[in-house]
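S.K.: Provided herewith is a single structure, encoded as structure tokens, for subsequent inquiry.
The values are calculated or read from the model by the stated rules, or taken from the named source; none is laboratory data. As the structure is a computational prediction, the values presented were derived from the model and not from experiment. Neighbour counts are summed over all protein chains in view; Cβ atoms, including those assigned to glycine, are modelled from backbone coordinates with ideal geometry. Only protein heavy atoms, including side chains, enter the accessible area calculation; ligands, DNA and RNA are left aside. Shrake-Rupley method; radii C 1.70, N 1.55, O 1.52, S 1.80 Å.
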Amino acid sequence: QVHLVESGGGLVQPGGSLRLSCVVSGNRFSINAMGWYRQAPGKERELVATVTNGGSTKYADSVKGRFTISRDNANAKNTVYLQMSSLKPEDTAVYYCKVIIIASYWGQGTQVTVSS
């Protein structure tokens, strides 16, 4: 059974940085793509960033230049990271990790709050 565990969320002041991690375990097949999504209160879940097995990345316009997605598949570690810098109050949301293997799997979410 595929299992995703996210970590790294928290409270940060505007302009600060956080790094989210998502460790994937239990997959029998290769991961095709990994990504981060977020959902703010009263809003729909939206794409933040994705990275394919080949290393191609995609970002939401609102985070380009501030967030960086990366993945580590060495030594059977299936981990995706989201380095977030220059954080703004509007980045406040629950951040979810998603992986695509044969099906899609989601993590439980981690809260990111940007506030002074």
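S.K.: Every residue in the stretch 1-15 that is closer than 14 Å to Thr92 by Cα and open to solvent by 60 Å² or more (accessible area, probe 1.4 Å), please.
M.R.: Initially, the stretch 1-15 is screened for residues closer than 14 Å to Thr92 by Cα, giving 8-15.
If the condition is that a residue be closer than 14 Å to Thr92 by Cα and open to solvent by 60 Å² or more (accessible area, probe 1.4 Å), then Leu11, Gln13, Pro14 are the ones that fit.
S.K.: Between residues in the stretch 39-60 that are β-branched (Val, Ile, Thr) and residues that are in a loop (DSSP other than H, G, I, E, B), which pairs lie under 8 Å by C-beta distance while being six or more apart or on different chains?
M.R.: From the stretch 39-60, the pairs are Val48/Ala60; Val48/Val63; Thr52/Asn32.
For (1) among the hydrophobic types (A, V, I, L, M, F, W, C); (2) in contact with a Gly (Cβ under 8 Å, 6 or more places away or on another chain); (3) at pLDDT below 95; (4) not in a strand (DSSP E or B), each residue gets a yes or a no:
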position: Pro14; (1), (2), (3), (4): no, no, no, yes
position: Arg38; (1), (2), (3), (4): no, no, no, no
position: Ala49; (1), (2), (3), (4): yes, yes, no, no
position: Gly54; (1), (2), (3), (4): no, no, yes, yes
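S.K.: Then there is this: Counting only residues that are assigned to a strand (DSSP E or B) and either under 22 Å from Ala93 (Cα atoms) or of a type in the set (D, E, K, R) (or both), which one in the stretch 16-32 is most open to solvent (accessible area, probe 1.4 Å)? If you could, list the steps in order and put the result at the bottom.
M.R.: So in the stretch 16-32, the residues assigned to a strand (DSSP E or B) come out as 18-25.
Narrowing further to those that are either under 22 Å from Ala93 (Cα atoms) or of a type in the set (D, E, K, R) (or both): 18-24.
Values: Leu18: 31, Arg19: 124, Leu20: 0, Ser21: 21, Cys22: 0, Val23: 73, Val24: 8 Å².
In this case the residue turns out to be Arg19.
S.K.: Another one. Select, from Val63, Val112, Val94, the only residue that is among the β-branched types (Val, Ile, Thr), assigned to a loop (DSSP other than H, G, I, E, B) and at pLDDT 95 or above.
M.R.: On the way: Val112 fails: assigned to a loop (DSSP other than H, G, I, E, B); Val94 fails: assigned to a loop (DSSP other than H, G, I, E, B).
The match here is Val63.
S.K.: For the stretch 93-100, check the following and say yes or no: at least one residue is open to solvent by less than 50 Å² (accessible area, probe 1.4 Å), in contact with a strand residue (DSSP E or B) (Cβ under 9 Å, 6 or more places away or on another chain) and more than 18 Å from Val5 (Cα to Cα). Don't jump to the end; show me each part of the working.
M.R.: Pass one, the stretch 93-100, residues open to solvent by less than 50 Å² (accessible area, probe 1.4 Å): 93-99.
After this cut, where a residue has to be in contact with a strand residue (DSSP E or B) (Cβ under 9 Å, 6 or more places away or on another chain) as well, the list is 93-99.
Retained after the next criterion (residues that are more than 18 Å from Val5 (Cα to Cα)): none.
Checked against the condition, which is being open to solvent by less than 50 Å² (accessible area, probe 1.4 Å), in contact with a strand residue (DSSP E or B) (Cβ under 9 Å, 6 or more places away or on another chain) and more than 18 Å from Val5 (Cα to Cα), the stretch 93-100 yields no hits at all.
S.K.: Does the stretch 67-79 include one or more residues that are under 27 Å from Gln13 (Cβ atoms), modelled with pLDDT under 95 and open to solvent by less than 40 Å² (accessible area, probe 1.4 Å)?
M.R.: Yes, there is a match, as at least one residue in the stretch 67-79 is under 27 Å from Gln13 (Cβ atoms), modelled with pLDDT under 95 and open to solvent by less than 40 Å² (accessible area, probe 1.4 Å).
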